[in-house]
Amino acid sequence: MSFLIRSTALLSLAVLLVGCQPDGPPAALTPAPEFQVQTGSDPHSFAEYEQVRVRHLRLDLDADFSARTLSGHVLLELDRPEPGFQRLVLDTRDLDIRDVNAIQPDGQYLPVSWRFGADQGHLGRPLVIALPAGIEEVRIDYTTSPEAFGLQWLDAQQTSSGKPFLFSQSQPHYARTWVPLQDTPAVRYTFDATIRGPRDLMVVMGADGNELARNDTGEYQFTMPQAIPSYLMAIAIGDLEFAETGPRTGVYAEPDWIEAAAEEFDVLEDMVEIGEDLYGPYRWGRYDLLVLPPSFPFGGMENPRLSYLTPTIIAGDGSLLALVAHELAHSWSGNLVTNAAWRDLWLNEGFTVYFEARIMEALYGPEIRNQLAKLSWDGLKETLETVDERDRQLVRDLSDRDPEQAFMPVPYDMGGFFMDWLEDRVGREAFDAFLREYFDHFAFESIDSEDFRAYIEQHLVAEYPDRLSMAEIDQWLYEPGMPASAEAIEPVSDAFERVDAARREWQAGERSLAELPTDDWSVHQWRHFLSGLADTLDAETMARMDEQFGLVEQTNYEILYLWLMRSIEAEYEPGIERLERFLLEVGRNKFTRPLYAALAESNWGRDWAIKVYQRARPGYHPLTRQASERALGL
Ligand code: BES
Ligand code: ZN
């Protein structure tokens, strides 16, 4: 059957052994100089998790800001479903491994032999450890590289507090750059951690144990009693303060941001309650937010108990809170029920886009939800017209690609519209009941698209055979593009139609700028207005618009971003000046990548952009550097 894209056979990877430890102690088992690593069904991990599986992890690390390293050890507690399988393969990238010991049942350390396999680029190098019979604990002493892809070390000059900052970004496969582990979403484990940083900074983690104020020892302890996949491992160290937004919610930020953040996110507690009313209990204890410096490469990251956020969503009026709803929704879709591999990313992101919209609707009503849905629909249409056929479907074969490629609008927006379509077919009440049961049934499990498929067949299609069929579901999952039946759920926003009418009249000279009815426009109506002006403006018109609306001074980053795009197209001088400051300050890829790409494609901007990039680069995250360089063709 055509939808079974994934090969069910175990993937085998030839791994050359290099970098042997010089005076390694006697080995209980010496791997041959060349052998096959069997991986599980995740092509982006070397872990052989069917044979040996990490169950709990204990981290003990020192953060050294002058060396830009984390150094210490990790202790891995293992389950061994195949007791005779005498090898543990971990994912690593750019890690300096100092020592590997097995811990015997009586607590004695037993040095074991270990080797690195060949370097496989972004996948890093497998660390192959001899695992004597009966051993269930292994300790690895290591240091991270100053270049670790999953960490950004910021100097004192690069933060608003004037103190250094460190944060991690582990999704999709960068946890292996700061901890040697089985770096696949198919494996879940609990953990505890002791982290030591500078005394004048505070350490936080996506875990239980975050403190309300800085202590004076610099040492912080955490536990994570719920089993999580490695991409949710998260740490940050900085000059942080905490502000409460409710009994189990709050926000961490640098002192300059804390007040504005607490105000912006004052609906956080309500959001958690809405989430619970929709899809069942929030199972993680506290829910806090961490506001990162502007170099944070994403809008948000759903680290458990502590979502990470870009400061560019603090607009002063709560207009960009959909992103917070999104990261919170991942506490169910993603963190509780997790995609087993990156080909199944839509299970995380598509469900979350739908859940996010439901939270927004409950908070602000259906009109705002429709506006957001229309923006998403238009963006998806554009993507579907431009990407390769293999990238136009929900379940995608990514086995020979960087899992970074998984993140594009199809798993997000098309995944979200698939959920809308299901709701439309069976009705909201039945669909909500189905989702609640789904989250409950698969809680704390990692599942693939075929697990979802089997579950929906039994629990929804079987109940409503006259409303939806497996053939239709398979079309959504495994065929390129949106099915024709998706037209039933195309979002309609009256507010956007009024914008379209006003824009047309202005363009036809029937209305002046001053006569545009912008006074009651939402931020999203502005976004729709400015998107609809792509490639139509000249510098003179833009100057008049700025006189009227002050767009170049915008503090709302979504609006500002679109104005900067229009400025590149029109070579509009005041916009270009603002763009330079923007690129030097903000590292959020959703903005920086398309801005650099537009500059590179313009007939005037590439050399200018490269110069700006070179100045901005030291302040960018490794991911932003990579994406910007690709956009600029460097
Ligand atoms: N899990 C993602 C963040 C992410 C994206 C990690 C790509 C690794 C690679 C997060 O939940 C997310 O989707 N963030 C979006 C916001 C959302 C509202 C679309 C973002 O950062 O823009
Ligand atoms: Zn997401």
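Run the numbers for Asp538 and Asp60: contour at 0.36 nm per residue of separation, minus the present Cα-Cα distance, in nm.
Answer, rounded to one decimal: 166.3 nm.
So how tilted is helix 573-585 from the main axis of the chain? Cα-based, degrees 0 to 90, rounded to 10.
20
Mind listing which trypsin sites (Lys or Arg not before Pro) in the range 157-238 are in a DSSP loop and have 15 or fewer other Cβ atoms within 10 Å?
Sites meeting the loop and neighbour criteria: Arg199.
Tell me which lysines have Cα within less than 26 Å of Lys374's Cα, excluding those fewer than 8 residues away on the same chain?
Lys590
Can you work out the accessible area per residue across the range 500-632, with the rest of the protein chains kept in place, probe 1.4 Å, in square angstrom?
Value for the range 500-632: 46 Å² per residue.
Relative contact order for the range 62-170 using alpha-carbon pairs under 8 Å, separation at least 6, rounded to a whole percent? Walk me through the numbers before you get to the answer.
On the way: 205 pairs, mean separation 34.8, N = 109.
After rounding, I find 32 percent.
Calculate the tail of P(r) for the range 240-331: the fraction of all Cα-Cα distances greater than 23 Å, expressed in %.
Working: 556 of 4186 pairs.
Summing the P(r) of the range 240-331 above 23 Å gives 13 percent of all pairs.
With every protein chain kept in place and ligands, DNA and RNA left out, what is the accessible area per residue of the range 240-331? Probe 1.4 Å, answer in Å².
It amounts to 28 Å² per residue over the range 240-331.
Suppose the chain between Thr555 and Asp119 were pulled fully straight at 0.36 nm per residue; how much longer would it get relative to their current alpha carbon spacing?
Here the answer is 152.5 nm.
Taking the Cβ-Cβ separation of Asp466 and Asp270 as r and a Förster radius of 56 Å, what is the calculated FRET efficiency to the nearest 0.05?
For R0 = 56 Å, the calculated efficiency reads 0.90.
Measure off, as a whole percent, the carbon and sulfur share of the 1.4 Å-probe accessible area of the chain, all protein chains present.
46
Relative to the longest principal axis of the chain, what angle (0 to 90°, nearest 10) does the C-alpha long axis of helix 557-570 take?
70
Tell me the angle of helix 622-632 to the major Cα principal axis of the chain, expressed in degrees between 0 and 90 and rounded to the nearest ten.
It works out to around 50 degrees.
If I stretch the segment between Glu601 and Glu445 completely, what's the gain in nm (0.36 nm per residue apart, minus their alpha carbon distance), one decimal?
Gain on stretching Glu601 to Glu445: 51.7 nm.
Cross-link candidates for Lys163: which lysines have Cα within less than 18 Å, leaving aside residues fewer than 8 places away along the same chain?
Reachable lysines: none.
Largest first and in whole Å, what are the equivalent-ellipsoid semi-axes of the chain based on the Cα gyration tensor, each being the root of 5 times an eigenvalue?
41, 30, 24
Can you work out the FRET efficiency for the pair Ser145 and Arg630, with r the C-beta to C-beta distance and R0 = 30 Å, to the nearest 0.05?
So the FRET efficiency works out to roughly 0.85.
Normalising by the residue count of the chain, find the relative contact order in percent from Cα pairs under 8 Å and 6+ residues apart. Spell out each step's value before the answer.
Working: 1240 pairs, mean separation 62.2, N = 634.
It rounds to 10 percent for the chain.
Under the definition of Cα pairs under 8 Å and six or more residues apart, what whole-number percent is the relative contact order of the range 240-331?
25
Could you state the accessible area per residue of the range 344-397 in Å², with a 1.4 Å probe and every protein chain left in place? Write down the numbers at each step before the final one.
Working: 2020 Å² over 54 residues.
Dividing the accessible area of the range 344-397 by its residue count gives 37 Å².
The values are calculated or read from the model by the stated rules, or taken from the named source; none is laboratory data. Just so it is clear, the structure is predicted and the values come from calculations on it, not from any experiment. Every residue, glycine among them, receives a Cβ derived from its backbone with ideal geometry; neighbour counts consider all protein chains shown. Quick note on the areas: whole protein, heavy atoms, side chains included, nothing else; ligands and nucleic acids left out. Shrake-Rupley method; radii C 1.70, N 1.55, O 1.52, S 1.80 Å.
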